[in-house]
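Since the structure comes first, as structure tokens, the remarks are kept for the end.
The values are calculated or read from the model by the stated rules, or taken from the named source; none is laboratory data. All values derive from a computational prediction rather than experimental measurement. As a convention, Cβ positions derive from the backbone with ideal geometry for all residues, glycine included, and neighbour counts pool all protein chains shown. Accessible surface is based on the protein model in full, side chains and every heavy atom, while ligands, DNA and RNA are left aside. Shrake-Rupley method; radii C 1.70, N 1.55, O 1.52, S 1.80 Å.
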Amino acid sequence: MGFSVMAAVGGSSVWVINICAILLLNLFSTASGDALRIKFGYTGPIGPSNWGRLNPTFSACSTGKSQSPINIDSANLVINKNLKPLIMQYNHSEVATLVDNGFNVGVKYGENAGTLVVDGKTYNLKQMHWHSPSEHRLDGTQYAAELHLVHFAEDNSIAVLATLFHIGHPDPLMTKLQNKLNELARDVASQKETQIQLGTIDTHEIRKHTHKYYSYTGSLTTPPCSENVSWHILGKVRSISREQVEALRAPLDSRCKRNARPVQPLNGRQIQMYEVQANVN
């Protein structure tokens, strides 16, 4: 029997379309040999500037007007006092699988891994994955890594919770996964399975208290780049070691070692900020 923990961090609601969820689920359902037969990369002819031409289903990567990631410019933020706290409630997950998707390393969860409540709407945690370097930037600064927690609601709408990392002390969650990451890299090098069962994983390591976050409407950051994804980037930058960053890159396809899509234009979109205000006596 697991336990649950709860944290309030602030949030907002955004409409999202069902097709995004279908495409994203397809992307992250990959395992075994199919994961390495990727159709896109991050360098050369299959790099981000050409994604929209690689496949008709990737057209939004070129033509979309609400693409991700973005640069979060503090001079152009809108402080929205009507934003409600996010509620993260993550449990011990008894079914979790570490997966090399070829273009990133991720963890797929079974049922009841946890929930994210955004403006009264509940999203279920389905998977998480890493990018290195970071995809989102704060005032033009690109960080060492970025973790995406991907949640789906019952209507298949998507909410992504993102955490940025700078180089420093090891990340506690990554420390727990280190041996499995090393095993995954060895298996990929020897052309064995590209997924490893993790068994029970304590997802409460993901939960971090914060008093600030940024919210906007964007897209998937990998093809098909489907839009209307609700993004929430935590304001506090966490730490990760250089060795952990290298462990995230080790299993990946050579074209995806640095798997950060360039920032995309805002095209008039608004970035909202939630921040807990200190009480003044």
>> Step by step: first the residues of the range 190-201, then only those that are open to solvent by less than 30 Å² (accessible area, probe 1.4 Å) and not in a loop (DSSP other than H, G, I, E, B), then the one that is modelled with the lowest pLDDT. Which residue is that?
In response: I201
> Where residues in the range 80-94 are surrounded by fewer than 19 Cβ atoms within 10 Å (Cβ to Cβ) and modelled with pLDDT under 80, which of them is farthest from K121 (Cα to Cα)?
Replying inline: E94
> S215 fails exactly one of the following numbered conditions: (1) open to solvent by 30 Å² or more (accessible area, probe 1.4 Å); (2) at pLDDT 90 or above. What is the number of that condition?
Replying inline: (1)
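Just to be sure before I move on: is N101 open to solvent by less than 40 Å² (accessible area, probe 1.4 Å), under 16 Å from the mean Cα position of the chain (by Cα) and over 18 Å from Q272 (Cβ atoms) in the structure I sent?
Details: open to solvent by less than 40 Å² (accessible area, probe 1.4 Å): yes; under 16 Å from the mean Cα position of the chain (by Cα): yes; over 18 Å from Q272 (Cβ atoms): yes.
Answer is yes for this residue.
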> Taking the range 97-113 as the search range and keeping residues that are at pLDDT 90 or above and touching a Gly at 6+ places or on another chain (Cβ under 9 Å), which one is farthest from A247 (Cα to Cα)?
Replying inline: T97
> Quick check: is even one residue across the range 44-63 farther than 25 Å from D253 by Cα and modelled with pLDDT of 50 or more?
Replying inline: yes
> What is the residue count in the range 228-253 for residues that are at pLDDT below 95 and among the acidic types (D, E)?
Replying inline: 1
>> For the range 127-140, check the following and say yes or no: at least one residue is out of contact with any Asp or Glu (no Cβ under 6 Å at 6 or more places or on another chain), acidic (D, E), at pLDDT 90 or above and farther than 17 Å from I240 by Cα.
In response: yes
> Here is a list of conditions, (1) over 23 Å from P85 (Cβ atoms); (2) touching a residue at least 60 places away in the same chain (Cβ under 8 Å); (3) among the acidic types (D, E), and D119 meets all of them except one; can you say which number that is?
Replying inline: (1)
>> On the basis of being of a type outside the set (A, V, I, L, M, F, W, C), at pLDDT 90 or above and either buried (at least 22 other Cβ atoms within 10 Å of the Cβ) or part of a helix (DSSP H, G or I) (or both), does N259 make the cut?
In response: yes
> Say we look at the range 111-143 and pick out the residues that are open to solvent by less than 20 Å² (accessible area, probe 1.4 Å) and outside any strand (DSSP E or B); which of these is farthest from L220 (Cα to Cα)?
Replying inline: A113
> Looking at the range 150-172, is at least one residue in a loop (DSSP other than H, G, I, E, B), in contact (Cβ under 8 Å) with a residue 12 or more places away in the chain and crowded, with 24+ Cβ neighbours inside 10 Å?
Replying inline: no
>> Given the condition among the hydrophobic types (A, V, I, L, M, F, W, C), modelled with pLDDT under 70 and not in a strand (DSSP E or B), answer yes or no: does some residue in the range 64-78 qualify?
In response: no
